[in-house]
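The values are calculated or read from the model by the stated rules, or taken from the named source; none is laboratory data. Quick caveat, the model's predicted, so the values are computed rather than measured. As a convention, Cβ positions derive from the backbone with ideal geometry for all residues, glycine included, and neighbour counts pool all protein chains shown. Remember, those area values only see protein heavy atoms, side chains included, never the ligands or the DNA or RNA. Shrake-Rupley method; radii C 1.70, N 1.55, O 1.52, S 1.80 Å.
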Amino acid sequence: MSLGLSGIGLAYLGTGLGILAFAYKPFVRPDTPGSKAFAVTVFGCALWPISLGFGILVGGETVSALAWSGRLVAPTVLSVGWFVLALRIGNGRTPPRWLVGALAGYVAVELLLVATNPVHSIAFDPGAVTASGGMGSDRNGWFWTQATANYALMTTATSLLAVEAIRSVGLRRRQSALLASAVVPAAIANVATIGDIITIGHDLTPFGLVGSAAIMSIALYRAEFLDVVPIARQTALEELPHAVVILDGDGRVADYNGVASRYFDAGDGAGATAREFFANVPEEAVTALETGTAGHVQFALQTGDGERHFECTSSSVDRRDEHTGRVIVLRDVTERIRRERQLLEQNETLSEFADVVSHDIQGPLMEIRGSAGRAVRTGETAYAEDVLDAADRMDNLVEGLLDLARTGRRIDDPSAVSLEAVAERAWRSVWAPDVDLRLEGASTVEADPDRLQQLLENCIRNAAEHGRADDGRTNRGPELATDRAATSISSGEVLVGRPDEPTSVTIRTIPGGFAVDDDGPGVPADRRDRVFDRGYTSAENGTGLGLAIVDQIATAHGWSAHVEESPEGGARFAFTGVTVLEEFEE
């Protein structure tokens, strides 16, 4: 082998290895969009000069055939890689699988032909290649067939990149223009070789590929075509606090960020259908997101962190007036919903507080008014104690209501309370001369004394307002209670009695708690579920607050309140779940 041929062979090898070095970055960043196609392109470019250099330096029939086989496969590989890369960049999405499969099939046909060439000699004539020492070529029918196909792929790819450069602005325009121009040096050298424009007896295309590789390196390392824009977009996508899912034109998941993978099933990930990805989302919400029929979609789902609420937008992605997919942004609005509910509950609590105060303050006020009236009429200062007691009661009532509003309707520090003593105070506070009070089965319960008294007052007041309604009886007011006698309490003893058949209220211990019974008309079965509703009343001048307050106080204690028929045929307000500390019967 002459020194000249050795130099050309080494030049080919050096050129191929130099081009192969440009594949470093795609291999260290395999997840970058388009990097795999770029690596294939660089490999095809490098295979061309390496095959020629190997054939020249080694020689021989077998080596020459192998070298020319590599020379035939190289332009096919780089053309396919370049075409896929242009599609990825120009269309902004991964080429469809069927197209990638067809291109891979084209390369496979090329490899099959050169591998079986000794049998059929369709790819090239082994004798002609060996006679040229690996430097010449056998430009037969297959050579021109694959050259035509490769030029078609290269032309289409370059056109896509050129169009993208025209449409884009700024950095993306410069990047696309660089890649579109990268094909020019190799194309000029290849046309000069095939057309025998320059007759030097060697293939000039590998040296043209040096220029192409240099331009590609500028796009790769300087303009960072596969680095800045896709990586910046991916970083922005991952940094978003919201879940982002991208659907392609077929409704399949093309991409999603880490937030989305935490909240949703994800199915098979990229390539899964929207319904597979959003498996734990209500079906109607998935349909709205897929089709974009609703601008904003709200739904709730159960996650490992409990129930989460989402507000979603589904935006169509269109390219050249053609629908190519959707971008779905799902915002976690759980905290906002929680704050809204908290504000609503606070507003309701304030409203209830105002209603309760205006309603339940009447008892102590009437007690103050009655005691003060008696003191004026009799001149006895002893009644001043009743006034002071009622004032203290009002103060405790307001303070208790404020504490209840602040602590979320819970009573956290109950104490041992005599049901008998609280019942007497409640009855005296109500000023209901038309009501007889009995106590059966005295007991000590765990409760807030003022709130328990408020509960009993409202039950007694309810009996006074509704009892004996069928007989046309009415409460004759606090002025008739001035001569009422106080008596002691014992099991079954009437505390106060009036001669004209008053309504009887009995406070009894029952399993798990106590009950307030009366012998009035009772509550119809079809209305018992409504009596604790705020604003519900059957009285003409009723406020509908009394029994609602009873239910609220029971709930604050952790008790259950329900309405039944009493043994006397009237109404029973039963309270269960009560902690009974002491219970006895005489």
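Going through VAL317, VAL333 one at a time, which residue ends up being open to solvent by less than 80 Å² (accessible area, probe 1.4 Å) and under 15 Å from ASP248 (Cβ atoms)?
VAL317
The residues in segment 511-561 that are surrounded by fewer than 16 Cβ atoms within 10 Å (Cβ to Cβ), modelled with pLDDT of 90 or more and in contact with a Lys or Arg (Cβ under 9 Å, 6 or more places away or on another chain) can be counted, and the count is 0.
Each row is one residue, and each column tells you yes or no for (1) assigned to a loop (DSSP other than H, G, I, E, B); (2) closer than 30 Å to ARG167 by Cβ; (3) open to solvent by 20 Å² or more (accessible area, probe 1.4 Å); (4) aliphatic (A, V, I, L, M).
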site	(1), (2), (3), (4)
PRO49	no, no, no, no
GLY53	no, no, no, no
THR62	no, no, yes, no
ALA67	no, no, no, yes
GLY81	no, yes, no, no
LEU85	no, yes, no, yes
GLY90	no, yes, no, no
LEU111	no, no, yes, yes
VAL129	no, no, no, yes
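Any idea which of SER443, SER418, SER488, SER429 is modelled with pLDDT under 75 and closer than 27 Å to LEU581 by Cβ? Within the list SER443, SER418, SER488, SER429, the selection yields SER488.
If you take the residues of segment 425-468 that are part of a helix (DSSP H, G or I) and among the small types (Gly, Ala, Ser), which of them is farthest from ALA548 (Cα to Cα)?
Step one: list which residues in segment 425-468 are part of a helix (DSSP H, G or I), which gives 425-430, 449-466.
Okay, now just the ones that are also among the small types (Gly, Ala, Ser), so 426, 429, 463-464.
Working: ALA426: 17, SER429: 19, ALA463: 15, ALA464: 17 Å.
Selected residue: SER429.
Taking residues in segment 293-318 that are free of Cβ contacts under 8 Å to residues at least 24 places away in the same chain and not assigned by the TED database to the domain that holds ASP332, and partners anywhere that are part of a strand (DSSP E or B) and open to solvent by 30 Å² or more (accessible area, probe 1.4 Å), not one pair has Cβ atoms closer than 6 Å while being at least 6 places apart or on different chains.
Quick one: which helices (runs of 4 or more DSSP H) sit completely within segment 204-294 and have at least 3 residues that are closer than 21 Å to GLY325 by Cα and at pLDDT 75 or above?
Values: elements: 205-217, 228-239, 258-263, 274-277, 283-291.
Qualifying helices (runs of 4 or more DSSP H): 258-263, 274-277, 283-291.
Report, by residue number, each residue of segment 175-193 that is of a type in the set (A, V, I, L, M) and either open to solvent by less than 10 Å² (accessible area, probe 1.4 Å) or more than 52 Å from the chain's Cα centre (by Cα) (or both). Step through it out loud before you land on a result.
Pass one, segment 175-193, residues of a type in the set (A, V, I, L, M): 177-180, 182-184, 186-189, 191-192.
Of everything in segment 175-193, those that are of a type in the set (A, V, I, L, M) and either open to solvent by less than 10 Å² (accessible area, probe 1.4 Å) or more than 52 Å from the chain's Cα centre (by Cα) (or both) turn out to be LEU179, ALA182, ALA187, ILE188, ALA189, VAL191, ALA192.
The single condition from (1) in a helix (DSSP H, G or I); (2) at pLDDT 80 or above; (3) of a type in the set (Gly, Ala, Ser) that SER315 fails is (1). For segment 320-330, taking the residues that are out of contact with any Cys (no Cβ under 8 Å at 6 or more places or on another chain) and part of a strand (DSSP E or B), the one that is least open to solvent (accessible area, probe 1.4 Å) is identified as GLY325. List pairs: first in segment 440-456 and more than 12 Å from PHE514 (Cα to Cα), second in a helix (DSSP H, G or I) and open to solvent by 40 Å² or more (accessible area, probe 1.4 Å), Cβ under 7 Å, 6+ apart or cross-chain? Partner pairs satisfying both residue conditions: ASP450/ASN396; GLN453/ARG425.
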